[in-house]
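The values are calculated or read from the model by the stated rules, or taken from the named source; none is laboratory data. Remember, predicted model here, so these are calculated numbers, not experimental data. As a convention, Cβ positions derive from the backbone with ideal geometry for all residues, glycine included, and neighbour counts pool all protein chains shown.
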Amino acid sequence: MRTRRSNVIAALLALALTAARGAEVEMDIEPRVLRLGESAICRIVIKDAANAPQPRLPPLQGFEVSAAGTEQNIQIVNGRQSLFTAYRFQLTPIAAGDFKIGPFRYDLGDRVADIPAVEVRVLPMQGNGGESVQSMNELLFATLTSSRPKVYVQEVFDITLNVYAQPGLNLDRNISLLNFDTTGLALSGFEELASGREAIDGRVYDVRRFRARATALTSGAFTLNPRLRVNIIVPRSRGNRDPFFGDSFFDSFSLFGRVETRAHTLEARPLSLRVHDLPAEGRPSNFSGAVGRFSFDLSASPLQLRVGEPITMRYRIQGRGNIDTVRAPELALPDGFRAFEAQLVEQNAQSGLKVFEQVIIPRSATIKELPPVAFSWFDPEAERYETMVRGPYPLELAAGNAGPILQGVEAQPALERGPLGADLVYLKPAPRRLRAAAPASDIPPALHGLPALALLIAAVYARHRERLLRDPARAARLRAPRGAREGLARARALAHNVPEAAGALADALARFFGPLLGLPPGRVDAESVCSRLQQSGLDTTRIRELRSLFDFCERMRYAGPAAPATEEDRTALARHLERAPDLLRACKRAVR
Amino acid sequence: MSARLLIPALLLIIACAAFGAPDPRFDAARASYDEGRFADALALYDELTKDYPHSPEAHFNRGNALARLGRAGEAIAAFQRVLMIAPRDADARANLTFLRDAAGLPKPQPSLRDVTFGALSAREWKAIALAAWWLGAAALAASLLMPRLPNIVRRAGVALLLAALVAGAGWGHWRLRQRHPLAVVIAPGVQARFAPLADATPHFDAPEGLTLRVLEQSGAWLRVQEDRREGWIPREGVAILELES
């Protein structure tokens, strides 16, 4: 019998293992039996389908579904590697009963997997009065209330958010608003009031209250329907943990692993508001938009002063309402006053206080009093306009003396002033210097060509100089006639001393023929010069004459100064000096 | 006369010429103007502008007298003349604007070239061009003849010659513009016609004070251009603004 039972169990296990090996997508829900206020985790495990799309659970009757994370594990068995991907969803029951979750068809991309249905039982919660609670709405709900049933534009009122939870349901302190549409209202931040307990329909609830200050901006009908996110604290279920897809390691540290929080979205019961325009009937002319209940006080000082001295008006406005937008009352001053802009000097939003100061200056000694000042507001509770008037205040003004800021009207009558406009610029003064006609062209037009001519000459000269610098031989040739002229002039000056004159003459010949023929100074002699000039085509008469000149110079130089010069030598010197310039010019022409 | 006496005498003559007493007719005209006798003032300013055609003051004051007499067209022409002599005269520009605004005349839209070269008068451009030409040529010639001079002399010479070129362009602009001079309508009810005939079809109205450009002269008629429109108007209806000689 025992053997038979063992065989059956083994066969069932093998069948189960085979089935498990064949299944690629599995869904499991834990726990499958739970109470209202608790939640279950639905896990969809996909094997070896890394690229499969993320599964989505459709809306389930009786549950709120929210994603709770994804996990992946790799398993290696006998060298075979398998990838498991688990998608977790949190199922929060909103009503008691038996529910069937599934079956589903899951499209993996290349194939479609069938996920069988799972049955879940939700048990009612035991109420604090011993009764059973069948729905989540009986367990947890929120309401929104307004402090004013009828609201006017610019009225400031309170909006209170109440969160009701039965004592058996544990909520943590964090409550957040989701997508709260406040069109038509200006809403301050919510502040938490003292919590308490309330009995509704025989049930006891813990109530948390949050209040915000709202200001109606425009008229119209508005519906406030906020959604809240609350966290429900539930005991952690530890049974039947999958070694791979159970709660993560770190989850076991929250609240020492005994409890955990489940987020729950709660829709508050809507609040309908109708905002009314301020009535036009009975609206005072000085009404500037104050809505609420206010008190107004005014002090003015000094009241005994001179014309032109300042009076400080101090307006004190306090009360409940749109104090932030309340402005200083407008003064209706008669002629004779000058008023400056009112300045806000004190403000306290908590106590609803605003203090303004305004400086006015009486400019006439005929002024006897400060006119009354009125402040008007609309009282939304009484639904009518109210006006509070302060003053008039008697003034004692000393006339005549100029004040420190402004001159009194009587002290200095205003100048007659015409309207401002444009006009011609007045006459110009006579010039000191006048010319009957335009200054004649001081330089004849033709002379304006002179700079161009000068530039041309300068350019030519610069070019010539440049060429000489590049060609020293040519420069020396050009300088040769001047050297010859200097030598001849010296020779003429020494004509009384024939040997010295002959030396100067020889020097002139060397200075002339050296550069002209490109001869070094020591090579300027009759032979060299005459042969070169003969080649250049100088006629023989000139050649002979030149040779004679060289010979004369040579003879006289080597005779020395001690040798007496004869009359014949003097005659020869004179003849050579006379004919030398012409002879040298001929030589130069021949070389050119 | 020795040189010792000649030099102070010359200096005295120059000083008198430079700082001499103003023409007394200016004061007389001003007195007439101040007393509201604008016709008398205008007569004196007419004389002054004939005697001193290059005096912007005389033209300016004449323009004021004309404006006070209600002759807006002639006044505008007078202020335009001032601006031709002294282009940077803010008073003349202000009076011109005032009169144009008062008459509801369109504001002229000068070209970029007019704005650029109109900053100086023709005489100023000419003076700058000639001075820069002489000085630049002298500096450049000196640097060529004397290579030992600092290089800055050569550079200054080149810069001055370039300045002479620009100023010459300014001068040339004025001269070219004078080929088609400006004219101001000085008579009321003038119409530009399609042909230089008294019975030709009117093309556009030329209100008093309107500034036109003269394109051609044919007998007693002028072919004028205004805002891309061309027409013929009688010569006696406009004052042509000739460039100072």
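For this structure, a couple of remarks:
- The criterion of at least 2 residues that are modelled with pLDDT under 80 and in contact with a Lys or Arg (Cβ under 7 Å, 6 or more places away or on another chain) is met, among strands (runs of 3 or more DSSP E) falling completely within the range A:228-323, by A:259-267.
- Residues of the range A:445-487 that are of a type in the set (D, E, K, R) and either outside the structural domain of A:Leu583 (by TED's automatic domain parsing) or loosely packed, with under 13 Cβ neighbours inside 10 Å (or both): A:Arg463, A:Arg465, A:Glu466, A:Arg467, A:Arg470, A:Asp471, A:Arg474, A:Arg482.
- Residue within the range A:361-373 that is outside the structural domain of A:Phe157 (by TED's automatic domain parsing) and within 39 Å of the chain's Cα centre (by Cα) present: no
- Flag not set for B:Arg193, criterion: buried (at least 17 other Cβ atoms within 10 Å of the Cβ), within 28 Å of B:Gln109 (Cα to Cα) and at pLDDT below 90.
- Filtered residue count, the range B:42-51, keeping only those that are hydroxyl-bearing (Ser, Thr, Tyr) and surrounded by fewer than 22 Cβ atoms within 10 Å (Cβ to Cβ): 1
- Some residue of the range B:171-193 being within 14 Å of another protein chain (Cβ to nearest Cβ), at negative phi and of a type in the set (A, V, I, L, M, F, W, C): yes
- Among the residues of the range A:456-468, those identified as within 10 Å of another protein chain (Cβ to nearest Cβ) and under 20 Å from A:Pro515 (Cβ atoms) are A:Arg465, A:Glu466.
- B:Ala127 falls short of the stated requirement of being at pLDDT 95 or above and more than 30 Å from B:Gly73 (Cα to Cα).
- Test: residue in the range B:62-85 that is over 17 Å from A:Lys428 (Cα atoms), within 10 Å of chain A (Cβ to nearest Cβ) and buried (at least 16 other Cβ atoms within 10 Å of the Cβ): no
- Of all residues in the range A:261-310, those satisfying the criterion of being of a type in the set (A, V, I, L, M), touching a residue at least 12 places away in the same chain (Cβ under 8 Å) and closer than 22 Å to A:Gly220 by Cα are A:Ala268, A:Leu271, A:Leu273, A:Val275, A:Leu278, A:Ala290, A:Val291.
- From the list A:Glu486, A:Glu466, A:Glu383, the lone residue that is at pLDDT 85 or above and on the phi > 0 side of the Ramachandran plot is A:Glu383.
- Sub-9 Å Cβ pairs linking a first residue in the range A:544-566 that is over 10 Å from A:Ala526 (Cβ atoms) to a second residue that is at pLDDT 75 or above and of a type in the set (Lys, Arg), at least 6 apart or interchain, are A:Glu545/A:Arg579, ordered by first then second residue.
- Filtered residues of the range B:82-103 (kept if in contact (Cβ under 8 Å) with a residue 24 or more places away in the chain and small (Gly, Ala, Ser)): B:Ala86, B:Ala92, B:Ala102, B:Ala103
- Selection count, the range A:448-479, where residues are more than 17 Å from B:Leu135 (Cβ to Cβ) and assigned to a helix (DSSP H, G or I): 22
- Matching residues, the range B:171-190, being free of Cβ contacts under 8 Å to residues at least 12 places away in the same chain, exposed (fewer than 14 other Cβ atoms within 10 Å of the Cβ) and in a helix (DSSP H, G or I): B:Leu176
- Test: residue in the range A:163-175 that is under 13 Å from A:Arg211 (Cα atoms) and among the hydrophobic types (A, V, I, L, M, F, W, C): yes
- A search for C-beta distances below 6 Å between a residue of the range B:145-170 that is on the phi > 0 side of the Ramachandran plot and any residue that is part of a helix (DSSP H, G or I), counting only pairs 6+ apart in sequence or on different chains, returns nothing.
- Taking first residues from the range B:213-242 that are over 25 Å from B:Phe79 (Cβ atoms) and partners that are small (Gly, Ala, Ser) and part of a loop (DSSP other than H, G, I, E, B), the Cβ contacts under 9 Å between residues at least 6 apart in sequence or on separate chains come to B:Trp221/B:Ala195; B:Trp232/B:Ala195; B:Trp232/B:Ala200.
- So A:Val355, is it surrounded by fewer than 16 Cβ atoms within 10 Å (Cβ to Cβ), part of a strand (DSSP E or B) and not polar (S, T, N, Q): no
- Residue check for B:Leu135: buried (at least 22 other Cβ atoms within 10 Å of the Cβ), within 11 Å of chain A (Cβ to nearest Cβ) and over 19 Å from the mean Cα position of the chain (by Cα): no
- Evaluating A:Arg477 against the criteria (1) modelled with pLDDT under 85; (2) within 10 Å of chain B (Cβ to nearest Cβ) leaves one unmet condition, (2).
Yes or no, residue by residue, for (1) closer than 29 Å to B:Asn95 by Cβ; (2) under 20 Å from the mean Cα position of the chain (by Cα):
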site: B:Val158; (1), (2): no, no
site: B:Leu165; (1), (2): no, no
site: B:Arg175; (1), (2): yes, yes
site: B:Arg179; (1), (2): yes, yes
site: B:Ala187; (1), (2): yes, no
site: B:Leu197; (1), (2): no, no
site: B:Val214; (1), (2): yes, yes
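- Residue pairs meeting the criteria (Cβ under 6 Å; at least 6 apart or on separate chains; first assigned by TED's automatic domain parsing to the domain that holds B:Ala78 and of a type in the set (Lys, Arg), in the range B:24-42; second outside any helix (DSSP H, G or I) and buried (at least 19 other Cβ atoms within 10 Å of the Cβ)): B:Arg30/A:Leu427
- Unmet criterion (only one of (1) at the interface with chain A (Cβ under 10 Å from one of its Cβ atoms); (2) touching a Phe, Trp or Tyr at 6+ places or on another chain (Cβ under 9 Å)) for B:Pro147: (2)
- When restricted to residues that are away from chain A (no Cβ under 14 Å) and either within 17 Å of B:Leu165 (Cα to Cα) or within 20 Å of the chain's Cα centre (by Cα) (or both), the range B:104-124 contains 14.
- Strands (runs of 3 or more DSSP E) lying entirely in the range A:22-98 (those with 2 or more residues that are of a type in the set (Phe, Trp, Tyr)): A:80-93
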